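Read-outs throughout are calculated quantities, based only on the coordinates presented, and are distinct from any laboratory measurement. Predicted model, so just to flag it, every value in this text is computed and none were measured. Ideal geometry is used to build each Cβ from the backbone, glycine not excepted, and the neighbour counts take in all protein chains shown.
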Ligand code: DAT
Ligand code: MG
């Protein structure tokens, strides 16, 4: 019998739009229904310093300031999810960045739409690589 692969972890954020719209349960439900494990979870406020580090790759882009404004506009829920290939798997569950074109069946495709703002209000963040996941989990959970 083959050994199970070692598990992977990712950082998921339910953004302020998701919390404000009461979609925390729906989003966590989709993560769990897919078979991933919620390893840790907290509601928090993200300040500018934390968000600037989190979104460092986007500094200087036209949507950076609106992104930081939006992400600090209300409480968020930070989640560590665990499972084989969870980084790729959650990105797939989340759908494309632009909620207008995100496929139906995905979190963004089913539950979000263009709000006419300078930043895409697309309900969730998910780490995009093992390096990003390790960095982001350390930023949000200090582990
Ligand atoms: P993702 O969140 O799918 O990983 P990203 O890392 O490229 O996307 O961008 C981070 C966030 O910034 C994204 O969730 C929404 C916002 N954003 C990205 N590109 C944008 C654009 N062209 N216009 C407006 N907002 C954008
Ligand atoms: Mg990203």
Checklist outcome for this item: Nearest 10, in degrees from 0 to 90: the angle of helix 24-34 to the longest Cα principal axis of the chain is 30 degrees
Checklist outcome for this item: Binned at 10 Å from zero, the C-alpha pair distances of the chain give percents of 12, 43, 36, 7, 1, 0
Item to check | Label-to-label distance, nm, for residues given as residue 48 and residue 96 (7 Å Cα→Cβ offset) | outcome: 3.4 nm
Next on the checklist: Report the Cα centroid-to-centroid distance between region 107-127 and region 1-77 in angstrom, as an integer.
Outcome noted: 12 Å
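Does region 61-143 come out rounded, prolate or oblate by the C-alpha gyration tensor, with a ≥ b ≥ c the root eigenvalues, rounded set by a/c under 1.5 and, if not, prolate when a/b is larger than b/c and oblate if not?
On the way: a/c = 2.02, a/b = 1.21, b/c = 1.68.
Here region 61-143 falls in the oblate category.
Compare the peptides 41-54, 71-84, 93-106 by average per-residue count of other Cβ atoms within 10 angstrom and give them in order, highest first. Walk me through the numbers before you get to the answer.
Working: 41-54: 13.8, 71-84: 19.1, 93-106: 15.9.
My ranking of the peptides, most packed first, is 71-84, 93-106, 41-54.
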Checklist outcome for this item: Quick note, region 1-56: a/c under 1.5 would make it rounded; otherwise a/b > b/c is prolate and the rest oblate (a ≥ b ≥ c, C-alpha gyration tensor); here it is oblate
